[in-house]
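These notes concern the structure reproduced below.
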Amino acid sequence: MSSAVLYVLDANVFIEAAKGYYAFDLTPAFWDHLVTHGGDERLCTIERVATEIAFPVPLKTWIDGPFGPCVRSSNTPDTLTHYSALMQWAQAQPFSPAARSEFATVADAWLVAYARAVRGTVVTHETFDANCRRRVKIPNACHFLGVPVVDTFAMLRALGVTFGT
């Protein structure tokens, strides 16, 4: 892979876009750009994120179909090393027991660990909150591992994506 940034997408990037501002029937170009840039190895997601996405149905069909080659396995030794460090970090923080439990069972920690392993940038709509105790937020975990975080719009701008004429 080139020295270009690899964007690793969180589930909320796909779900919020599909349910709203980039709905499949309104902005098919958005989804085409994701496939194109994924094929160019500029963006991806991990299988644990893809598995969590069940609705809306057109999104699930798209993830399993055209975007399928852009879904990567997080089952790598480097990812596991960073995942372990994240679990230790989360246990040492003042998060609620429920927050720690959820973080250990959903795709978020794996997403961050994978991004760290591949020196990628996480794309999410979550925001950093140093005082959050009810859940472990992706940007907080990224901060701990030194992983850059951007939102969808920053990623699109960095990739040079535009819509329309």
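The values are calculated or read from the model by the stated rules, or taken from the named source; none is laboratory data. Quick caveat: nothing in here was measured; it's all calculated off a predicted structure. Keep in mind that these areas ignore ligands, DNA and RNA; they rest on the heavy atoms of the full protein, side chains included. Shrake-Rupley method; radii C 1.70, N 1.55, O 1.52, S 1.80 Å.
Ordering ARG116, ARG42 by accessible area with a probe of 1.4 Å, largest first, what comes out? Don't jump to the answer; show the numbers that get you there.
Numbers: ARG116 85, ARG42 55 Å².
Output order, biggest surface exposure first: ARG116, ARG42.
With all protein chains present, how much of the accessible area of the chain (probe radius 1.4 Å) comes from carbon and sulfur, to the nearest whole percent?
On the way: 4430 of 8130 Å².
In the chain, the share of accessible area belonging to carbon and sulfur is 54 percent.
With a 10 Å cut-off between alpha carbons and a GNM built on the chain, which of THR76, THR27, THR36 moves the most?
THR76
Pick from THR45, THR152, THR105: which residue has the top mean-square fluctuation in a GNM of the chain where Cα pairs under 10 Å get a spring?
Residue with maximal mean-square fluctuation among THR45, THR152, THR105: THR105.
Using a 1.4 angstrom probe and counting only protein chains, how large is the accessible area of HIS143 in Å², to 10?
It works out to around 130 Å².
For LEU80, tell me the accessible area in Å² from a 1.4 Å probe, rounded to the nearest 10.
Only protein atoms counted, so the area is about 90 Å².
Quick one: ranking LYS60, LYS137, LYS19 by accessible area, 1.4 Å probe, largest first, what do you get?
Largest accessible area first, the list is LYS19, LYS60, LYS137.
Normalised radius of gyration for segment 1-158, please: alpha carbon Rg relative to 2.2 N^0.38 Å, two decimal places.
Normalised by 2.2 N^0.38 Å, the Cα Rg of segment 1-158 equals 1.01.
Between the helical axis of 28-39 and the dominant principal axis of the chain, each derived from Cα atoms, what acute angle in degrees is found, rounded to the nearest 10?
Long axis of 28-39 versus the principal axis of the chain: about 60 degrees.
Enter the accessible area per residue of the chain (Å², integer; probe 1.4 Å; all protein chains in place).
Result: 49 Å² of accessible area for each residue.
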